[in-house]
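Colleague: One structure coming up, written as structure tokens, with questions to follow.
The values are calculated or read from the model by the stated rules, or taken from the named source; none is laboratory data. For clarity, every value in this text was computed on a predicted model and none was experimentally measured. We place every Cβ from the backbone using ideal geometry, glycine too, and count neighbours over all the protein chains shown.
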Amino acid sequence: MPDSLAPELPLRPDLVGEQPYGAPQLDVPHLLNVNENPYAPPAEVIEDIATSVAAAAAGLNRYPDRDFRDLRAELAAYLERESGASGLTADHLWAANGSNEVMLHLLQAFGGPGRAVMSFGPTYSMYPEYARDSHTHWVEGSRRPDYSLDPDATIAHIAQVRPAVVLLASPNNPTGTALPLADVRAIADACATTGPDGAATILVVDEAYAEFRRKGTPSALSVLADYPHMAVARTMSKAFALAGARVGYLAAAPRLVDCLRIVRLPYHLSAVTQAVARAALRHTDALQAQVTQLRAERDACVTWLRDQGFTVADTDANFVLFGPFEDRHAVWQGLLDRGVLIRETGPKQYLRVSIGTVDQMAAFRGALKEVTGR
């Protein structure tokens, strides 16, 4: 039917004019724009995943394990090893199709009409979309010029807004800024009484890039037991090189996790996804073998960019924010013309590059020098 004859669709008024989220997906030699792990899973991991998926396929006529407690227990064990979080069990873990769905579950459970969710910009560009999709009012505070948070100002703003949820990425995307543990504690203490109708504010520390943090940077998981209104979100997309598997998860008090179970769709985590995630966890060391190298490449990238005269944000993630540029799009396009795709995101004069292989980073440096003449 021609569009001119088609009936009007009753799209929600707040969605009129909106565009789907998405970074460019282009076929170029050097993909350095969406913070993926550049290293494919090793052969032994691929073999285990294939065997596990084949076993799961034999039962695909049945619904998957709705509460996936085996996977949750294995994620809890991993977090205890990785971050020293003690006392975690399956009851403390939740998982979904990427940390995006985990975040949406949080806002479905605790947000909604008449409630607010806060974050502090610049930060992850999907946060306002989670708010929109859950009919939760979005409020964005500000960061210091170095992209850190001022704890006192942050707490005062939270107390003023009284949000149901606060989202704090650590390391922050797109800046890479980690949140000091003392600040996590101060904000969590305040959030115990700043929510709607006298309740707590749910403090979500989004640690999607936590495995890339520099030595000595602690995880918020180390204080999770002290705060029943706090959740720490993670993903298997980055350090586990499983972006294509779509597995995200969080750790929180069992009471908070049970709230998420109310809003999740039935059987939301497929049997195949569960099988892939559990196979990957059996090979944690192999999958994360390149994390140390990526950290080294990141630090070398920061040093090189600063040597070229760029302003570069300190980063604990697998990406680097740098600039400023009078016309960042022209620089982005110039890099793309040379086969290097990075990201236009964050502060208007800045660009973000994901850390790739040694060869990819060499290609990025060469292309950037050509484009900028530095």
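Colleague: Among the residues of the range 302-344, which ones are among the charged types (D, E, K, R) and in contact (Cβ under 8 Å) with a residue 60 or more places away in the chain?
Modeller: Those that are among the charged types (D, E, K, R) and in contact (Cβ under 8 Å) with a residue 60 or more places away in the chain: Asp314, Asp316, Arg343.
Colleague: Shifting gears a bit: Could you figure out which of (1) over 18 Å from the mean Cα position of the chain (by Cα); (2) crowded, with 16+ Cβ neighbours inside 10 Å; (3) of a type outside the set (Phe, Trp, Tyr) isn't true of Ala131?
Modeller: The single condition Ala131 does not satisfy is (1).
Colleague: Let me ask you something else. Select, from Gly356, Gly366, the only residue that is within 22 Å of Pro29 (Cα to Cα), of a type in the set (Gly, Ala, Ser), outside any helix (DSSP H, G or I) and not assigned by TED's automatic domain parsing to the domain that holds Ala96.
Modeller: Testing whether each residue is within 22 Å of Pro29 (Cα to Cα), of a type in the set (Gly, Ala, Ser), outside any helix (DSSP H, G or I) and not assigned by TED's automatic domain parsing to the domain that holds Ala96 leaves just Gly356.
Colleague: What do you reckon, is Thr311 outside the structural domain of Tyr209 (by TED's automatic domain parsing), more than 16 Å from Tyr147 (Cα to Cα), surrounded by fewer than 14 Cβ atoms within 10 Å (Cβ to Cβ) and hydroxyl-bearing (Ser, Thr, Tyr)?
Modeller: Against the criterion (outside the structural domain of Tyr209 (by TED's automatic domain parsing), more than 16 Å from Tyr147 (Cα to Cα), surrounded by fewer than 14 Cβ atoms within 10 Å (Cβ to Cβ) and hydroxyl-bearing (Ser, Thr, Tyr)), Thr311 does not qualify.
Colleague: Run Asp27 past the list (1) closer than 30 Å to His137 by Cα; (2) at pLDDT below 95; (3) assigned to a loop (DSSP other than H, G, I, E, B) and report the number of the one that doesn't hold.
Modeller: Evaluating Asp27 over (1) closer than 30 Å to His137 by Cα; (2) at pLDDT below 95; (3) assigned to a loop (DSSP other than H, G, I, E, B) leaves (1) as the failure.
Colleague: In the range 225-239, which residue that is under 14 Å from Leu79 (Cβ atoms) and either of a type in the set (Asp, Glu) or in contact with a Phe, Trp or Tyr (Cβ under 8 Å, 6 or more places away or on another chain) (or both) is surrounded by the fewest Cβ atoms within 10 Å (Cβ to Cβ)?
Modeller: Only one residue fits best here, namely Ala239.
Colleague: Where in the range 262-318 are the helices (runs of 4 or more DSSP H), entirely inside, with at least 2 residues that are of a type in the set (Asp, Glu) and either modelled with pLDDT under 95 or under 22 Å from the mean Cα position of the chain (by Cα) (or both)?
Modeller: The helices (runs of 4 or more DSSP H) meeting that bar are 291-307.
Colleague: What are the residues in the range 358-374 that are farther than 27 Å from Tyr147 by Cα and surrounded by fewer than 17 Cβ atoms within 10 Å (Cβ to Cβ), if any?
Modeller: Residues satisfying the conditions are Val358, Asp359, Ala362, Gly366, Glu370, Gly373.
Colleague: Could you tell me which residue of the range 113-128 is surrounded by the most Cβ atoms within 10 Å (Cβ to Cβ), considering only residues that are under 15 Å from Val204 (Cα atoms) and polar (S, T, N, Q)?
Modeller: Among those residues, the one meeting the criterion is Ser119.
Colleague: Here are some conditions: (1) modelled with pLDDT of 95 or more; (2) within 21 Å of Ala43 (Cβ to Cβ). Tyr249 meets all but one. Which one does it not meet?
Modeller: (2)
Colleague: Of the residues that sit in the range 27-67 and are touching a strand residue (DSSP E or B) at 6+ places or on another chain (Cβ under 7 Å) and of a type outside the set (D, E, K, R), which one is farthest from Ala95 (Cα to Cα)?
Modeller: Val28
Colleague: Okay, next question. When the range 320-344 is examined, which residues are found to be surrounded by 19 or more Cβ atoms within 10 Å (Cβ to Cβ) and of a type outside the set (Lys, Arg)?
Modeller: Selection gives Val320, Leu321, Phe322, Gly323, Val331, Trp332, Leu335, Val340, Leu341, Ile342.
Colleague: Every residue in the range 3-41 that is surrounded by 15 or more Cβ atoms within 10 Å (Cβ to Cβ), on the phi < 0 side of the Ramachandran plot and polar (S, T, N, Q), please.
Modeller: Residues satisfying the conditions are Asn33, Asn37.
Colleague: Can you find even one residue in the range 206-218 that is buried (at least 19 other Cβ atoms within 10 Å of the Cβ) and over 19 Å from Glu80 (Cα atoms)?
Modeller: No, the conditions are met nowhere in the range 206-218.
Colleague: Have a look at Ala208, Ala186, Ala190, Ala178 and point out the one that is under 26 Å from Leu79 (Cα atoms), in the same structural domain as Glu80 (by TED's automatic domain parsing), part of a loop (DSSP other than H, G, I, E, B) and touching a helix residue (DSSP H, G or I) at 6+ places or on another chain (Cβ under 6 Å).
Modeller: Every option except Ala208 fails the conditions.
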